[in-house]
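For reference, the structure discussed in these notes is given below.
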Amino acid sequence: MSSAPDNTPLPTQAGIDVDEDDGPSDLDSAFGDTSSTTASLTSSILKYQYENGRRYHAYRAGSYLMPNDEQASEHLDICHRMMTLASDDKLHFAPIGKDPQRILDIGTGTGLWAIDMADLYPSAEVVGNDLSPIQPSMVPPNVKFEIDDVEADWSYSAPFDFIHSRYMAMSIQDWPRLVGQMYSNVKPGGWVELYDCDLEYRSFDGSLTKEHAIYKNEELVISGTLKHGREPCPGPKLKSWMKNAGFVNITEKIIPLPLGTWPKNPKLKEVGAWNLLQFMEGVEGWSMAVLTRFHGWTPEEAQIALAQVRADAKNRSIHLYFDMYLVYGQRPEES
């Protein structure tokens, strides 16, 4: 005999007010049926891996669970816009001064943050590294991109004034070691700033339950990522990792990211619109490899399930959000 569905509301917090008049708006127009160490760029790096209709990186193949094709690049660009908006149009919060000389962006993706920082600080040399060569070729003269694995030993010849990382969930095996390498490669008095999420989905009002497909899928993503030996939810742990590495003057900000246009607050409504867009573009990318490699699903089974996940994401009665953690800290001057 099958058990009854578990419709128990998930734990809630007091927080974002729901827009009770939340009907279709201009912000929803884009959300129809969207489904749509350091190395040179050798031919081996460009011999991409293909799986279930998506393209994956060749350098250190298999270590990163998400694709690197055009759809994935568009998803990363949307994430950059969303987080810039959620961060009050700030590219960073650490007080790095007006004239930083060397800036490092690890896991740079399409490189938009690095490019924007190069424009903001024209005196700085900005370095972005990633496993995939998916960055644009037309960039400011003070930007350079490298193909690198941030979990390998770093070999930079000079330290940095500022090191930045964002969206490394599901990617890193040994976070304490990575944060330790950041500490060793930032100047005394320099800053490190990390943004990462907690993939646990929540609702403020109990409208999300364990029976929703969107919740079930994320639990599968979390468990599959752990099977892969990667950390799926680094956000809540960033502060302690930085403290243990020796950083001081640590600040933590928790930024709730609503999914959809349900918030009453106009800014959160816009953030939610961008978050829904990135979700619709990205959910196949961060789910497919996990479901097929670590849970034994066929691609067809995964696509059927993801159709319901997308339907939940667009369901205005589910007031879902997740937390983005922003943590920055300073290497002591005398160190």
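Each value in this text was obtained by applying a stated rule to the coordinates, not by laboratory testing. Because the structure is predicted, anything quoted here is derived from the model rather than measured. Here the Cβ positions follow ideal geometry from the backbone for every residue, glycine too, while neighbour counts run over all protein chains shown.
Once the Cα-Cα distance is subtracted from the 0.36 nm per residue extended length, the residue 209 to residue 116 segment shows a gain of 29.6 nm. In this calculation the C-beta distance from residue 123 to residue 85 is compared with R0 = 25 Å, giving a FRET efficiency of 0.40. Over what distance in Å are the Cα centres of segment 279-335 and segment 111-132 separated? Each part's Cα centre sits 26 Å from the other's. Using a simple spin-label model with pseudo-atoms 7 Å out from Cα toward Cβ, residue 173 and residue 149 lie 0.7 nm apart.
Over all other residues within a Cβ to Cβ distance under 12 Å of residue 237, the charged ones net out to -2, with Lys and Arg as +1 and Asp and Glu as -1.
Between residue 158 and residue 251, take the C-beta separation as r, use R0 = 22 Å, and let me know the FRET efficiency to the nearest 0.05.
After rounding, the FRET efficiency stands at 0.25.
Local charge for residue 268 was computed over the other residues whose Cβ lies under 11 Å away, with Lys and Arg +1 and Asp and Glu -1, and equals 0.
If you count the DSSP beta bridges with both ends in the chain, what percent of them are antiparallel, to the nearest 5?
55 percent
Here residue 244 and residue 17 are evaluated by their C-beta separation; at R0 = 35 Å the FRET efficiency comes out at 0.40.
Taking 0.36 nm per residue of sequence separation and removing the Cα-Cα distance, the residue 335/residue 70 pair yields an extension gain of 91.1 nm.
For residue 70, neighbours were defined as the other residues whose beta-carbon sits under 15 Å from its Cβ, and their charges (Lys and Arg +1, Asp and Glu -1) total -3. Quick one: which of 90/253; 187/253; 210/239 span more than 22 angstrom between C-alpha atoms? From 90/253; 187/253; 210/239, over 22 Å: 187/253; 210/239.
Taking other C-beta atoms within 10 angstrom as a stand-in for reagent exposure, 20, 281 fall in the order 20, 281, fewest first.
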